[in-house]
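Below you'll find the structure, written out as structure tokens, and then a few comments.
Only the coordinates and a few stated rules stand behind these numbers; no lab work does. What you see is a predicted model; the values in this text were computed from it and never measured. Neighbour counts run over all protein chains shown; Cβ positions are idealised from the backbone, glycine included.
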Amino acid sequence: MNTNLVDVKGVTKDFHNGKITVNALRGLDLVIHEGDFLAIVGPSGSGKTTLLNLIGALDVASSGDISIFGHDLMAMSRKQRAELRLTSLGFVFQAYNLIPVLTALENVKFVLELQGVDGGRHERAMSILEDLSLGELANRRPNEMSGGQQQRVAVARAIVARPRLVLADEPTANLDSENSEALLVMMRELRDKHGMTFVFSTHDPLVMAHATRVVTLLDGRVVSDETKNAGDAAGSAN
Amino acid sequence: MLSLSTLRIAWRNLGRNLKRTLLVAGAIAIGQFAFLGTSALMHGYGEQFFNSATGPMLGHAQVHAYDWRDDRSMDLTLDDVDGLLADIRSDPNVMNASARIYAPVMAALTEDGFMGVVVGVDPVTESHKAGLLPVDGMGDLLGEHRIMVGAGFAERHDLKPGMEIAVIGQDIDGSIASDLYIVRDVMWSAVEIIHGLGIVMSLDDAQELLMMPGQAHEIVIHTSDRELIDETVVRLSQLPSLADLEILSWDELAPFVVTMATMVDWFAYIVLIVVFIAAAASVANTMLMSTFERTHEFGMLLSLGCSPGRLSMMIAIEAAILGLLGVAIGTAVGIAFVAATSESGLNYAALGGSDEYEVAFQGMQFSLLIYPKIYAKDIVIAVSAILATSLIAVVWPIMRIVRLRPVEAMRS
Ligand SMILES: Nc1ncnc2c1ncn2[C@@H]1O[C@H](COP(=O)(O)OP(=O)(O)OP(=O)(O)O)[C@@H](O)[C@H]1O
Ligand SMILES: [Mg+2]
């Protein structure tokens, strides 16, 4: 389980706002391994979201190299990147994650439809929801669910197409600790059972507690990278 | 890209801000109703205008001797009228052809003398809805020196049924012509000349009085369909018996009627254009607002890998549904309006505070009752125009979406 899923080498990212240039990432190196349950932490403005966006092929680095599943991300066209997101990556965002006019089930099905999956969408979506004990929420719209329920449906949607890598930017930021715990346990099980890889950006100690590895950023660089022993991670300990 | 879920999302998005959606759909509906109502009134008006203009007096076409229209001189006659009528009636498009005689005369009742106009009509062929004797049984009253007089004429000179009047005029040779006639009845007619001056007698009596055996001044023709008038006139003009005569269609006889009819058409088009500009503005405004509000959501969808094309399709469908919703409501109300008024007619004299139903002008009778009419063509034009307008209105919001970068959209 030590394959390099993502390889970030010497990546910089500059934002230009009029005359001001912000160097959000300043020569960042990071390798993500298959099966990592990785928390990226660091003070506000340290570059966590920027890094996730680059890995998620949502944005383009100013310099450096990113390879993902062995493909050179920098060489991909906008369309190829969209394709990569669609087929191999799952996203969970901080909030407003779901399409508000669709039910939980329809939200999950929609991703399958975007991917061009033809038959059995309903069954596949329903079985994911049931696997995650969300069957009862199937016909509810986002505004009829709690924040925690919405985030769990968002995870269902992110993993329904079995992506190799799920990226989550502060997924617990709007949740209380109980809901955060439930969400993390669910993702941890997916990782343990299916070998999926999860990368979070977070300020939440709970996420760090569940993580198998914690990478700390400061001013756009990695300043520490700790891999815990199996027993240290909360998910396995409990 | 046009999948069920795209449709579903578009439809439900309209329900998200129901008040705004209903407001815009309502505005479009009012516009559509205004257009359909206007064009239904215009069609009804145009039809009624045509019927009035061409009605009893003008007909669809007329035959005269050259110069008769300018001179109205008694001796500019049509000869062998029966032969001419037979030729004209043999044309399959001709529904009705009637000969008429007009002659200014003096009439006398005891010592009083007054001006009148003898109108010689064929009691049989004028007895139809668009003829000069539209009421059943009118024709039977004429003949053998029995006449009818116009109501206005009768009132002015105190003429009553049963009275005998003397009619004195000039025959076509210039000699004095005179005879006695019994007033059989007083006749209501919207034709000005009959109402105010008419001494209506049978064609035979008029021919006898004026020494015009087998002759007349005018033949009035009605065809079976308005659309057939022009071709019929062309064909009739080629008849050898009409070679030296003038045959003119109604629009040549009364050009101002045509001008008015065209103006009426333009009015409906102007309403249409105003409606579409209003529809475009409200759809564009709504879609722009609702896409701005959803920028974050679009960013999320793009992040998932949804293509900009699919997003654009979603917006376009939303706009189209919005436009069609409005147009459907407006059309339903418009059809209901026409259904409610097309039978009984709409009295627009009442709008002006009068209860008269008819006015007369230059010998033509104009009813103030309009029977609104809707054509499928109008609905098709309006629906496609509003659909097109809604889609054009959405070009700007779509251009914005296509340029959207997922990360930036998510940040907003
Ligand atoms: N689109 C942008 N335009 C300009 N500056 C940006 C943009 N995105 C990020 N930045 C800047 O880059 C730096 C890194 O931002 P980033 O969002 O990656 O931080 P973060 O670690 O995720 O912070 P937080 O914990 O608050 O989410 C910040 O200084 C931020 O202001
Ligand atoms: Mg962030």
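Numbers below:
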item: Greater than 29 Å apart at Cα, pairs in B:LYS19/B:LYS373; A:LYS193/A:LYS228; A:LYS79/A:LYS228; A:LYS13/A:LYS109; result: B:LYS19/B:LYS373; A:LYS79/A:LYS228; A:LYS13/A:LYS109
item: Pairwise label distance in nanometres, B:ARG69 with B:LEU248, each label 7 Å out on the Cα-Cβ vector; result: 0.1 nm
item: Intensity falloff of region B:215-299 expressed as log10 I(q)/I(0), Debye formula with alpha-carbon point scatterers, at q = 0.12, 0.14, 0.20 Å⁻¹; result: -0.62, -0.72, -1.00
item: Cα-centred dipole magnitude for chain A, charges only on beta-carbon of K, R (+1) and D, E (-1), debye, nearest 20; result: 580 debye
item: Sequence-separation-based contact order of region B:61-252, relative, with Cα cut under 8 Å and 6+ spacing, percent; result: 34 percent
item: Relative intensity, log₁₀ I(q)/I(0), of region B:1-116 from a Debye sum that treats every alpha carbon as a point, q = 0.16, 0.22 Å⁻¹; result: -1.01, -1.23
item: Square roots of 5 times each gyration tensor eigenvalue, C-alpha, region B:250-298, largest first, Å; result: 47, 6, 4
item: With at most 16 neighbouring Cβ atoms within 10 Å, loop GluC sites (Glu not before Pro) (DSSP) excluded, longest segment of chain B; result: B:145-342
item: Region A:1-72 and region A:80-127: distance between their alpha carbon centers, rounded to Å; result: 24 Å
item: Förster radius 60 Å - calculated FRET efficiency between B:ASP230 and B:ARG156 (Cβ-Cβ, nearest 0.05); result: 0.90
item: Rounded to whole Å, sorted largest first: equivalent-ellipsoid semi-axes of the protein assembly as shown, Cα gyration tensor; result: 93, 22, 19
item: Residue order, fewest to most beta carbons within 10 Å, for B:PHE267, B:PHE153; result: B:PHE267, B:PHE153
item: Cα Rg, Dmax (largest Cα-Cα span) when computed across region B:61-252, Å; result: 16.6, 53
item: Spherically averaged projected area in nm², based on the convex hull that wraps the Cα atoms of region A:1-75; result: 5.3 nm²
item: Contact order relative to length of chain B, as percent, for alpha carbon pairs under 8 angstrom and 6 or more apart; result: 28 percent
item: Order of A:VAL117, B:VAL402, B:VAL200 under a 10 Å beta carbon neighbour criterion, fewest first; result: B:VAL402, A:VAL117, B:VAL200
item: Residue among A:LEU73, A:LEU132, A:LEU25 farthest towards the positive dipole end of chain A, charges placed on Cβ; result: A:LEU73
item: Kyte-Doolittle mean at least 0.5, axial Cα span of 15 Å or more - DSSP H helices of chain B; result: B:18-54, B:255-293, B:308-342, B:376-393
item: Cα extents of chain A along the three principal axes, largest first (Å); result: 48, 42, 37
item: Ascending count of other beta-carbon atoms within 10 Å, so fewest first, for B:HIS157, B:HIS43; result: B:HIS157, B:HIS43
item: For the protein assembly as shown, share of DSSP beta bridges that run antiparallel, in % to the nearest 5; result: 70 percent
